[in-house]
Amino acid sequence: MNDKHFLKTIFKDENFKQDDLEKILSQYQRIEFAKHDYLVQEGSTANFYYFLESGFARSFAIDLEGNDITTKFFSASDIVIDWHSYFLKTKCRENIQAITPCVAWKISFENFMKLFSIEAFRDVGRTRLVNNYFELKNHSVSIIADPAKDRYLNLIKEKPDIVQNVPLKQIATYLGITDTSLSRIRKEITDNK
């Protein structure tokens with residue numbers, strides 16, 4: 001199945017001229033990832049970015065003690081990308097891995113650059129980049145300034161699908177806490193209902 005209906009929800013018809021939309025959609029290729037497949041691996045250069053149609057993925061890095069630390073979760077309609085590597089052609093410092101089976105639409109850097117002449121495409125890309133930056137910045141400040149319980153409650157509010165579909169160990173590392181602390185927080189929330 002190669003139905004590009006999903007991409008049309010990302011690139012809304014009203015924002016694009018029909019010929020521009022057709023040109024954009026023709027550059028994306030549907031791809032499936034099995035659970036645990038890597039979309040991007042540490043040490044490689046990211047040659048694609050993906051729009052995630054379905055499933056869940058995460059980025060993670062290995063800390064100095066060899067621990068696997070989740071840095072971001074991805075769910076439907078998210079851009080899955082290592083921004084730095086994709087645009088600057090540097091080696092990735094993180095891995096991006098499917099948590100569940102995923103369906104995504106990929107575009108190469110070369111094809112992405114071909115589309116940059118389309119103003120509406122640039123605007124959509126700029127908006128997504130800025131939103132991604134703010135999400136990353138808010139998470140970084142939250143790890144420093146917010147209590148663990150508040151970070152967890154915010155994740156439930158902002159991304160309930162993540163909390164319902166992702167292993168608790170990965171959620172704990174994303175929140176900057178231990179599995180035991182997360183279990184205690186979850187029990188406290190349940191007991192207070």
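What follows is calculated from the coordinates using simple rules that are stated; it is not laboratory data. All values reported here derive from a predicted model rather than from experimental measurement. In this analysis, Cβ positions are derived from the backbone assuming ideal geometry, glycine residues included, and neighbour counts consider all displayed protein chains.
For segment 60-120, a crude dipole built from +1 on the beta carbon of Lys and Arg and -1 on the beta carbon of Asp and Glu, taken about the Cα centre, is about 260 debye to the nearest 20.
Highest mobility in the GNM of the chain, judged by mean-square fluctuation with C-alpha springs under 10 Å and restricted to 141, 80, 40, is found for 141. Ordered from longest to shortest, the equivalent ellipsoid semi-axes for segment 52-103 are 20, 16, 7 Å, each the square root of 5 times a Cα gyration tensor eigenvalue. Largest GNM mean-square fluctuation among 145, 172, 104, using the chain with Cα springs under 10 Å: 145. In sequence order, segment 169-177 has phi-based couplings of 4, 5, 5, 4, 5, 4, 7, x, 10 Hz under the Karplus curve 6.51 cos²θ - 1.76 cosθ + 1.60, θ = phi - 60°, and Gly or Pro positions carry x. Packing order of peptides 146-159, 44-57, highest average first: 44-57, 146-159 (average count of other Cβ atoms within 10 Å over each peptide's residues).
Roughly how many debye, to the nearest 20, is the charge dipole of the chain about its Cα centre, given +1 on each Lys and Arg Cβ, -1 on each Asp and Glu Cβ, and no other charges? Present the calculation step by step, with values, prior to reporting the outcome.
On the way: 27 positive and 27 negative charges, 33 e Å.
Computed about the Cα centre, the dipole is about 160 debye.
Computed over the Cα atoms of segment 5-116, pair by distinct pair, the Kirkwood hydrodynamic radius stands at 14.7 angstrom.
Which residue, 30, 58, 122, has the most motion in a Gaussian network model of the chain that connects Cα atoms within less than 10 Å? So, out of 30, 58, 122, the one fluctuating most is 122.
Over its Cα atoms, what ratio of radius of gyration to 2.2 N^0.38 Å does the chain give? Write out the running numbers ahead of the final one.
Numbers: Rg = 17.9 Å, N = 193, 2.2 N^0.38 = 16.3 Å.
The chain yields a ratio of 1.10.
Mean residue ellipticity at 222 nm, helices only, the chain: -14500 deg cm²/dmol; runs of at least 4 DSSP H residues each add -39,500 (n - 2.57), and the sum is divided by the number of residues.
For the chain, the longest principal axis of the alpha carbon atoms and the long axis of helix 179-191 meet at an angle near 80°. Taking the 0 to 90 degree range and rounding to the nearest ten, how far is the long axis of helix 119-145 tilted relative to the main principal axis of the chain, both from C-alpha atoms? That works out to roughly 10 degrees.
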